[in-house]
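The structure appears right after this line, and notes come after that.
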Amino acid sequence: MTTHLMELNYQQNWLAILEAPFMRNALIGGTVVALAAGLVGYFIVVRRTAFAAHALSHIGLPGATGAVLLNLPPILGFGVFSVGGALVIGALGTRVADRDVSTGTILAFATGLGLFFNSLATKSSSTMTNVLFGNLLAISSDQLLTFAALLLALALSVGAIYRPMLYTSVNAPVAEAKGVPVRVLSIVFMVLLALAVTMAVQAVGSLLLFALMITPAATAILLTARPAVAMAISAAISVFSVWFGLAASAMFNVPPSFLIVTVACVVWLAVWLVGRRGRHTVTVPGGATDGVVAPAAPTATTLTPAG
Amino acid sequence: MSRSEATDGAAALSFANVSAVRGGRLIWSEASFEVPAGGIVAVIGANGAGKTTLLHMILGLLPAASGELRVFGRRPGEDNDGIGFVPQHYAASAGEAIRAVDMVMLGLTGRRWAFGRATPTQRRHVAETLAAVDAGEFANRRLASLSGGQRQRIAIAEALVSKPRMVILDEPLAALDLRSQREVVTLLARLHRELAVTILVVAHDMNPLLPLLDSAIYLLDGHPHYATMTDVVDDALLTHLYGTPIQVAHTPQGEMYMRSAL
């Protein structure tokens, strides 16, 4: 499907390419996926469930390659496995240390299973590559509808549980003491995460997912400490990465996944560098050589006088 | 008892032969006492005696295995806005992602479903609570950028913002330097005076709090008891409680403090 993009280097006709139907689908689909990623990304960072997000994107792999064996759409299999994994991880409980080990174990087993299913089928090797690295250019119009419905469901759910979810994410002990159903919300969040992952995998694949879902949210948190604003910025960075990545892929004939991820990472690096310099030069008290006296240590704790 | 009559006449806490079981293990049993409303009450006991279990039961997070507990005459957990809670490790992980003022706002609105902006009344109420704990000037900063003492003020503001009748603090002075300890103690004394809330405070080191405390729940040999401070500050009782020799010393200025008797 990408064959007509296979020419080399800068392509004069990239505007025409962007107007092709497959590219229009990719732009719309990518935007939907980016918005979904922005919606859950903030919570992933604050709840420290980045590893779970990473795991869910791998747990879906055997679902996708298994679905090919059964002549079902790979994305359906991916979604079912991912949501199933989310329920298990969510139910495992709140002790992060325990969860990391069990999550990692499930992750490894699932990836192995995905490989096994893939070896059983004769022509599913493209499924494997698509799941691992994404293929935004292959989104069909039917899939767009599914994605739009998923995004709507995700947005409504997050809207409905926004405050209790935020409360359990930033201050679980007090939220629990106030009667917020912490455990139920943890499972609900994992399921929403699984849906977002299922969509995002289509765009950038499970191996590059982190950069589309989590990096923009981490960037947004560097820029603002207002949760709702951070979510908006995070979604904006994701959307920008997808658009810029797709346009550049039309220009230079490079896989969009790579470019989307590159844009998101460059934005993060730029914000991180600027923020780091800003904090050092402004707050070191009486420091003769800013930035040299206070190295990479967390600035907030070293620079605020205790008391 | 005049204060307890002022709040519907119900005791702040009323234990009737309560026992606590966690993970199939009996933590403590035969708790039968009443804590009048309006006091500053210490919760003391050795490590593993079941202080946290006691707090969880009062908060309604753990049901009584037997017997009956009433909080201001109601079942634990029935009136969640009626209790403010200051946990031991306050916002340890998420402090970078949120401003202090947002956290206090969540103390007011965090239980409400559905999206929606805070009302001007809610915002004014949050600002007033922040001012009451002298946290107004750093309320717009990230939690992670605050000092331990400043963060503890925010935690107390978050606990107070729903206008509770009782505030429970779990080790509020741990990990604070002496000056911050002093500030938190002064703040607690002032809030108690001005707001007439019942304060329950878990503390290993009671010394900084001794001038404030008027009674204590102590967990001795697997049974919680309640007594006034004059009865609790007793060499023999404290020595038995902590399993190490403890002496109560009196200074010429009329102050007292506890110390390990070596």
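Couple of notes before you dig in:
- The residue that is farthest from the other protein chains (Cβ to nearest Cβ), among those in region A:46-66 that are among the aliphatic types (A, V, I, L, M) and without any contact (Cβ under 8 Å) to a residue 60 or more places away in the chain, is A:I59.
- Listed by position, the helices (runs of 4 or more DSSP H) enclosed by region B:127-246 that each have at least 3 residues that are surrounded by 15 or more Cβ atoms within 10 Å (Cβ to Cβ) are B:148-160, B:178-195, B:235-242.
- Here A:V191 fulfils each of the conditions (1) within 14 Å of another protein chain (Cβ to nearest Cβ); (2) touching a helix residue (DSSP H, G or I) at 6+ places or on another chain (Cβ under 8 Å) apart from (1).
- Exactly one residue out of B:P63, B:P76, B:P87 is of a type outside the set (F, W, Y), more than 30 Å from A:R226 (Cβ to Cβ) and within 11 Å of chain A (Cβ to nearest Cβ): that is B:P76.
- Taking the criterion of being within 11 Å of another protein chain (Cβ to nearest Cβ) and under 23 Å from B:L59 (Cα atoms), the residues of region B:168-179 that qualify are B:I168, B:D170.
- The condition of being within 22 Å of A:E176 (Cα to Cα) and at pLDDT 90 or above does not hold for B:F33.
- Answer residue from region A:147-175, given it is touching a residue at least 24 places away in the same chain (Cβ under 8 Å) and farther than 30 Å from B:N80 by Cα and is farthest from the other protein chains (Cβ to nearest Cβ) among those: A:F147
- Given (1) more than 15 Å from the chain's Cα centre (by Cα); (2) within 10 Å of another protein chain (Cβ to nearest Cβ), index of the condition B:L55 fails: (1)
- Of all the listed residues (B:R111, B:R142, B:R123, B:R117), the sole one being away from every other protein chain (no Cβ under 12 Å) and closer than 30 Å to A:S157 by Cα is B:R123.
The values are calculated or read from the model by the stated rules, or taken from the named source; none is laboratory data. Computed from a predicted model, the values in this text were never measured in an experiment. Counting neighbours? That spans all protein chains shown, and the Cβs are built from the backbone with ideal geometry, glycine included.
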